[in-house]
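The values are calculated or read from the model by the stated rules, or taken from the named source; none is laboratory data. Since the structure is predicted, the reported quantities are computational estimates derived from the model, not experimental observations. Note that each Cβ is placed from the backbone with ideal geometry, even for glycine, and that neighbours are counted across all protein chains shown.
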Amino acid sequence: MPRPDGRRPDEMRPTILEPRANPYAEGSCLARMGGTLVHCTASVEAGVPRFRANTGLGWVTAEYAMLPRATSDRSDRERYGPGGRSAEIQRLIGRSLRAAMRDFRFGEYTIKIDCDVLVADGGTRCASITGGCVALAHACAWLAERTKATSGFGRQVAAVSVGKIAGEPRLDLGYLEDRDADVDANVVMLEPDALVEVQATGEQGTFDRRELEALLDLAHSGLDRLFQLQRAAIAG
């Protein structure tokens, strides 16, 4: 079965990471993965959560939201806090970005990463993590320059989706493929090859260990490409 956009099974969607897309935020990145577009900003705020108070350590957290018309039908704004799906995704983003930190010895500041989905065509959490890492790296550098403390940023973290459709492993699923996949997975990795999280689900089928390993190998090939794009965006 051919892919909806004609890509090879191991081919990524066109991906662009535009750094410093927001002139006001301490760090920012506009992440485009195929039709998915996510605006990621990193804001540095004085103070930390209560459990971090008086430790001298900072914190990194994330929030995720989707604009009402990011999809084909309008969705309601989450005015009273994130819904279940958004809460689960923003926890994943937060965990992933904290994994990118070498340490939190940059003083009692909180770096908040806001990931706002402008257009959703599959892989929004992956685009949020990948673009959020660029925003985080720039915010850490901004903070270190002004406080003379260590930046804390350690290694790049990125994420990509993979899945099995009609028995075929595929990389970087768009919405139509994600919807119809027998198996789909989101793979989060620290450069070059340290797994942070693997979310793999048999949506309409099952998968064995050999198939999981094939999906992980496919994800790694895509993540190598994302790490290259991140390096260029962080340096930009």
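Table: residues versus (1) surrounded by 18 or more Cβ atoms within 10 Å (Cβ to Cβ); (2) out of contact with any Pro (no Cβ under 6 Å at 6 or more places or on another chain); (3) without any contact (Cβ under 8 Å) to a residue 40 or more places away in the chain.
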site	(1), (2), (3)
Phe51	no, yes, yes
Thr55	no, yes, no
Gly58	yes, yes, no
Tyr80	no, yes, yes
Arg91	no, yes, yes
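Examine segment 217-232 for a residue that is of a type in the set (S, T, N, Q), surrounded by 13 or more Cβ atoms within 10 Å (Cβ to Cβ) and closer than 18 Å to Ile93 by Cβ, and state whether such a residue exists. Looking through segment 217-232, at least one residue is of a type in the set (S, T, N, Q), surrounded by 13 or more Cβ atoms within 10 Å (Cβ to Cβ) and closer than 18 Å to Ile93 by Cβ.
Within segment 137-163, the set of residues being modelled with pLDDT of 95 or more, buried (at least 19 other Cβ atoms within 10 Å of the Cβ) and either under 18 Å from Thr124 (Cβ atoms) or in contact with a helix residue (DSSP H, G or I) (Cβ under 9 Å, 6 or more places away or on another chain) (or both) comprises Ala137, His138, Phe153, Gln156, Val157, Ala158, Ala159, Val160, Ser161, Val162, Gly163.
When we screen Ser28, Ser43 for residues that are modelled with pLDDT of 95 or more, hydroxyl-bearing (Ser, Thr, Tyr) and more than 15 Å from the chain's Cα centre (by Cα), the only hit is Ser43.
For segment 128-200, list the strands (runs of 3 or more DSSP E) that sit wholly inside it and hold at least 2 residues that are in contact with a Pro (Cβ under 8 Å, 6 or more places away or on another chain); which are they? Walk me through how you get there before you give the answer.
Values: elements: 157-165, 168-171, 183-190.
It comes to 157-165, 168-171.
Quick check: is even one residue across segment 156-167 of a type outside the set (A, V, I, L, M, F, W, C) and farther than 22 Å from Arg7 by Cβ? Walk me through how you get there before you give the answer.
Taking segment 156-167 and keeping what is of a type outside the set (A, V, I, L, M, F, W, C), we get 156, 161, 163-164, 167.
Checking the rest, the ones that are also farther than 22 Å from Arg7 by Cβ come to 156.
Yes: one or more hits.
Phe104 meets the conditions (1) surrounded by fewer than 15 Cβ atoms within 10 Å (Cβ to Cβ); (2) modelled with pLDDT of 95 or more; (3) of a type outside the set (S, T, N, Q) in every case but one. The failed one is (1). Considering each residue of segment 214-227 in turn, none proves to be in a loop (DSSP other than H, G, I, E, B), under 16 Å from the mean Cα position of the chain (by Cα) and charged (D, E, K, R).
Of everything in segment 174-208 that's among the hydroxyl-bearing types (Ser, Thr, Tyr) and under 20 Å from the mean Cα position of the chain (by Cα), which residue is farthest from Leu37 (Cα to Cα)?
Start the filter on segment 174-208 by keeping residues that are among the hydroxyl-bearing types (Ser, Thr, Tyr), which leaves 175, 201, 206.
Retained after the next criterion (residues that are under 20 Å from the mean Cα position of the chain (by Cα)): 175, 201.
On the way: Tyr175: 13, Thr201: 24 Å.
Out of the qualifying residues, it is Thr201.
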